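The structure appears right after this line, and notes come after that.
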């Protein structure tokens, strides 16, 4: 039985009372301070001044604990207001895009507060209530996008993969860069200054014209602006009305 269906044990009088909420908050604190490698049932028990065996009444495995931690962070992400009208109603034309932006930026903000969160994104589906609420909100917004063919679950899945693929990947990339800066003691601008002469020599060979175009003409953007610009590319495609496929069906 998944932990989401398993009732929490009844509270017991103790010098160090436990609950799943206390266990998860302690685990999140450890991960925030020292990453996921700092999280184990034994270390969480020590942080709560409790014996490790007591935690097994609430959580069976470390994997369950990670699921609970992930859901706790998803619960921090604000959900957009639901679109007016009945299910399947398109609602306001632009509200789907605003909703996707709200959810994407909310997820990025959560990852910047809890860097380990990025390490757990993707992979197997998450069935915690907050994670499912976030997924439902993303799907509800994408169903109203002009680029999603009417009642086409495959088109909806493709749109979800495109949005999540971008958001998860961009967030992970940003977190990795933050970690590299901390571990190397060198900021992005310092690294660019140090590697600049080598890159200019490569560009001067003429073998990398596309890279030269990007490096010499591209504007330097902060991470938030870069994230927004990349999201714009995805949403622009979804905003284009779907067109009939060659075989008479619909495609996005």
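The values are calculated or read from the model by the stated rules, or taken from the named source; none is laboratory data. Being a predicted model, the structure only gives us computed values, none of them experimental. FYI the Cβ positions are ideal-geometry reconstructions off the backbone, even for glycines, and counts take in every protein chain you see.
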- prompt: Which of the residues belonging to the range 198-243 are at pLDDT 90 or above and not in a helix (DSSP H, G or I)?
  reply: 205, 206, 207, 208
- request: Scan (1) closer than 30 Å to residue 223 by Cα; (2) at pLDDT 95 or above; (3) surrounded by 14 or more Cβ atoms within 10 Å (Cβ to Cβ); (4) outside the structural domain of residue 233 (by TED's automatic domain parsing) for the single condition residue 65 breaks and write down its number.
  value: (1)
statement: If we ask which residues in the range 158-176 are over 17 Å from residue 121 (Cα atoms) and touching a helix residue (DSSP H, G or I) at 6+ places or on another chain (Cβ under 9 Å), their number turns out to be 1
- prompt: Which of (1) modelled with pLDDT under 95; (2) under 20 Å from residue 28 (Cα atoms); (3) buried (at least 16 other Cβ atoms within 10 Å of the Cβ) does residue 147 not meet, given it meets every other one?
  reply: (2)
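Regarding residue 205, is this residue under 27 Å from the mean Cα position of the chain (by Cα) and farther than 26 Å from residue 95 by Cβ?
Answer is no for this residue.
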- request: Look at the range 112-139 and say how many of its residues are more than 14 Å from the chain's Cα centre (by Cα) and surrounded by fewer than 19 Cβ atoms within 10 Å (Cβ to Cβ).
  value: 4
- request: Find the residue count for the range 4-58, including only residues that are under 18 Å from residue 73 (Cβ atoms) and either touching a strand residue (DSSP E or B) at 6+ places or on another chain (Cβ under 9 Å) or at pLDDT below 90 (or both).
  value: 1
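Just to be sure I understand, how many residues within the range 136-157 are out of contact with any helix residue (DSSP H, G or I) (no Cβ under 8 Å at 6 or more places or on another chain) and closer than 17 Å to residue 99 by Cβ? Steps first, please.
Step one: filter the range 136-157 for residues out of contact with any helix residue (DSSP H, G or I) (no Cβ under 8 Å at 6 or more places or on another chain), giving 136, 150-155, 157.
Going one step further and asking which of them are closer than 17 Å to residue 99 by Cβ, we end up with 136.
Selection size over the range 136-157: 1.
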message: Out of the residues in the range 182-193 meeting the condition of being under 16 Å from residue 220 (Cβ atoms) and part of a helix (DSSP H, G or I), tell me which one is nearest to the chain's Cα centre (by Cα).
response: 188
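Report yes if residue 89 is modelled with pLDDT under 90, surrounded by fewer than 19 Cβ atoms within 10 Å (Cβ to Cβ) and touching a strand residue (DSSP E or B) at 6+ places or on another chain (Cβ under 9 Å), otherwise no.
Taking the combined requirement at face value, the residue does not satisfy it.
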- line: Of those in the range 93-133 that are more than 16 Å from residue 69 (Cβ to Cβ) and not in a helix (DSSP H, G or I), the residue modelled with the lowest pLDDT is 93
- prompt: So is residue 5 surrounded by fewer than 18 Cβ atoms within 10 Å (Cβ to Cβ) and either closer than 21 Å to residue 119 by Cα or touching a residue at least 12 places away in the same chain (Cβ under 8 Å) (or both) or not?
  reply: no
